[in-house]
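Trainee: My structure is below; once you've seen it, I'll send some questions.
The values are calculated or read from the model by the stated rules, or taken from the named source; none is laboratory data. In this text, all values refer to a predicted model and were calculated from it rather than measured experimentally. Cβ placement follows ideal geometry from the backbone for every residue including glycine, while neighbour counts extend to all protein chains displayed. What goes into the accessible areas is simple: the full protein's heavy atoms, side chains included, and nothing from ligands, DNA or RNA. Shrake-Rupley method; radii C 1.70, N 1.55, O 1.52, S 1.80 Å.
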Amino acid sequence: MTPRADIAIRTVTEDGLREWTRALSTGFLRSPEVTDVELEARRGGFLPGRSLGAYDGERCVATFRSFPQELSVGAGTTVPADAISNVTVSPTHRRRGILTRMMTQDLAAAKERGDVVATLIAAEYRIYGRYGFGPATWASEWTIDVPRAGLDPRWAGPADGGRIDLVDAADVRKLGPDLHARLARRQPGAVSRDERWWQVNTGLVRFGESWDEPFYAVYRSAEGEVEGLVSYEADDKWDAKQPQDTADVNWLIATTPAAERALWEYLCSIDWITKVKTGWRAPDDLLPFFLPDPRAARIATHADWLWVRILDVVRALEARPYDVTAVGGCRGLVLEVVDEAGFAGGRYRLEVSEEGVGSCTAGVREAADITLDVRELAALWLGDESAVRLAALGKVREERAGAARTADALLRTSRRPWCPDIF
């Protein structure tokens, strides 16, 4: 076994991208062969200084990549985030502190750049809490039993005067960015999609030799405004001359409930489709209740989704909006934040104005109302988790009776945050 000190953490250059990609595939249990097509695709998204590799001699045995991202906190506000992806350690080099070294180096750089948070989608639940990350959003995936749903089989289009059209990939690249930007401005937990995202997800940039073009459908309101887009695929399954096809949604975004309803009804109306797999949706998605029989939408998977690591408590708490009608007279809270890594620990006072604007002061000396680890603060920050529930679990400590209820009044949101993307 190579000693830890002999494993070097280095910034990856373009010349080392093939070896790094081989290690990435190895870590994710994919074929370690790196094709020229994949290498070219990765080279197109390469950001100097944002990819790390761990090297045992000349062999890359661990990978780590980050890139700039904007994370929505709602009400038209975003914060700069250090988005982390492509994290692997080869099975021959586990339990040697390699990930800890790469994560520490990246988070220090993010803090220095002025990023407010770091984000990731966790492949495994138990890894990232020790680095100060907490699950800030969750997601659910439904399977719709179309015949049971109770929808009108004669449905031929939206009843609200809007329309649905099939479009091609070029149309999606043209219409999608503005639509997503409008959604992200109001949806806490949404993350930015750059031009490359649209290229990759419409087949313009490909990581393999083959690409199966999905179907794309757009919803336009009666006024002609683009309010929804969906990407989906379908299989071809028959049983005793009866169609049993499934529509598998890659992603569906919409800025109005009318657009959401119309796109789901469209998917359920397609001839031969007997099941619809929704892809990852918000846990409180409207979808089941668009159906006359909500039980026709069965939850197939429910799991943590976007994990957040707060690097700047003051900017994080001041960026998000607050609902003063819910807050009532409880507009102040003192938090003792514990952060073993030293990025965000300290005592902070949060105050919310009558206009719902948060003001946060660091280094206050007054007694704390609650004490919590930075990972629990991340779970509370976007409004999804309950401080009362975390206190019951022993993860938040009340220093003042009733302080957890005050935290809930300040931080919880009426609708749950949702991240539509995986990265």
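Trainee: Are there GluC sites (Glu not before Pro) in the range 111-184 that DSSP marks as loop and that have at most 16 other Cβ atoms within 10 Å, and which are they?
Mentor: In loop regions of the range 111-184 (DSSP not H, G, I, E or B), the sparsely surrounded GluC sites (Glu not before Pro) are E124.
Trainee: Same structure, new question: Residues of the range 341-423: accessible area per residue at 1.4 Å, in Å²?
Mentor: Here the residues of the range 341-423 average 47 Å² of exposed surface.
Trainee: Within the range 251-360, what whole-number % of the accessible surface is contributed by carbon and sulfur, with the 1.4 Å probe and all protein chains included in the calculation?
Mentor: 51 percent
Trainee: OK, next. Spelling out what I want: for every residue of the range 12-23, take phi, set θ = phi - 60°, compute 6.51 cos²θ - 1.76 cosθ + 1.60 (Karplus), and round to whole Hz; glycine and proline get x.
Mentor: Running phi through 6.51 cos²θ - 1.76 cosθ + 1.60 with θ = phi - 60° gives 7, 9, 4, 5, x, 5, 5, 5, 5, 5, 4, 5 Hz.
Trainee: What number, in percent, do you get for the relative contact order of the range 83-192 if the mean sequence gap of Cα pairs under 8 Å and at least 6 apart is divided by its residue count?
Mentor: 20 percent
Trainee: May I pose another question? Answer with a single label: of [x] 150; [y] 284; [z] 169, which was calculated as volume of the Cα convex hull per residue in Å³ from the structure in view?
Mentor: [z]
Trainee: Accessible area of I299, 1.4 Å probe, to the nearest 10 Å²?
Mentor: Solvent-accessible area, nearest 10 Å²: 90 Å².
Trainee: Suppose the Debye formula is applied to equal point scatterers at every Cα of the range 184-238; what is log10 I(q)/I(0) at q = 0.14, 0.26 Å⁻¹?
Mentor: Here log10 of I(q) over I(0) equals -0.60, -1.14.
Trainee: Further question: Any idea how far apart A401 and D271 come out in nm if each label point goes 7 Å out from Cα toward Cβ?
Mentor: 7.0 nm
Trainee: So, for the range 204-256, what is the accessible surface per residue at a probe of 1.4 Å, expressed in square angstrom?
Mentor: 55 Å²
Trainee: With a cut-off of 8 Å between alpha carbons and a minimum separation of six or more residues, what is the relative contact order of the chain in percent?
Mentor: Across the chain, relative contact order equals 18 percent.
Trainee: Right, next: Using 0.36 nm per residue, how much length does the chain from R18 to R206 gain when fully extended, once their Cα-Cα distance is taken away?
Mentor: 66.1 nm
Trainee: Lysine pairs in the chain 8 or more apart or on different chains: how many have alpha carbons under 25 angstrom apart?
Mentor: So the count works out to 4.
Trainee: Could you please tell me the mean projected area of the C-alpha convex hull for the range 132-219, averaged over all directions and given in square nanometres to one decimal?
Mentor: For the range 132-219, the mean projected area of the Cα convex hull comes to 9.4 nm².
Trainee: Continuing with this model, one more query. Assuming a ≥ b ≥ c are the square roots of the Cα gyration tensor eigenvalues, decide whether the range 200-272 counts as rounded (a/c under 1.5), prolate (otherwise, with a/b larger than b/c) or oblate.
Mentor: Oblate is the answer for the range 200-272, as a/c is 1.5 or above yet b/c matches or exceeds a/b.
Trainee: Additional query: Test of the criteria: in the range 30-66, which GluC sites (Glu not before Pro) are in a DSSP loop and have at most 14 other Cβ atoms within 10 angstrom of their Cβ?
Mentor: Counting only loop positions with at most 14 other Cβ atoms within 10 Å, the GluC sites (Glu not before Pro) in the range 30-66 are E33, E58.
Trainee: Be a star and scan the range 205-240 for residues whose amide nitrogen sits under 20 Å from the point 7 Å along the Cα-to-Cβ vector of T143.
Mentor: Counting only backbone N, you get 232-240.
Trainee: Calculate how many DSSP beta bridges within the range 308-380 are antiparallel, expressed in % of all such bridges and rounded to the nearest 5.
Mentor: The antiparallel proportion sits near 75 percent.
Trainee: Give me the net charge for the shell around I121: Cβ to Cβ below 10 angstrom, other residues only, Lys and Arg +1, Asp and Glu -1.
Mentor: Its environment carries a net charge of -2.
Trainee: For V37 and E213 in the same chain, what is the full-extension length gain: residue separation times 0.36 nm, less their Cα-Cα distance, in nm?
Mentor: Gain in length upon complete extension: 61.6 nm.
Trainee: Can I ask one more? Using a simple spin-label model with points 7 Å from Cα along the Cα→Cβ vector, what separation in nm is obtained for I422 and A123?
Mentor: 1.2 nm
Trainee: For the chain, what is the calculated [θ] at 222 nm in deg cm²/dmol (nearest 500), taking -39500 (n - 2.57) for each run of four or more DSSP H residues and dividing by its residue count?
Mentor: Computed mean residue ellipticity for the chain: -7500 deg cm²/dmol.
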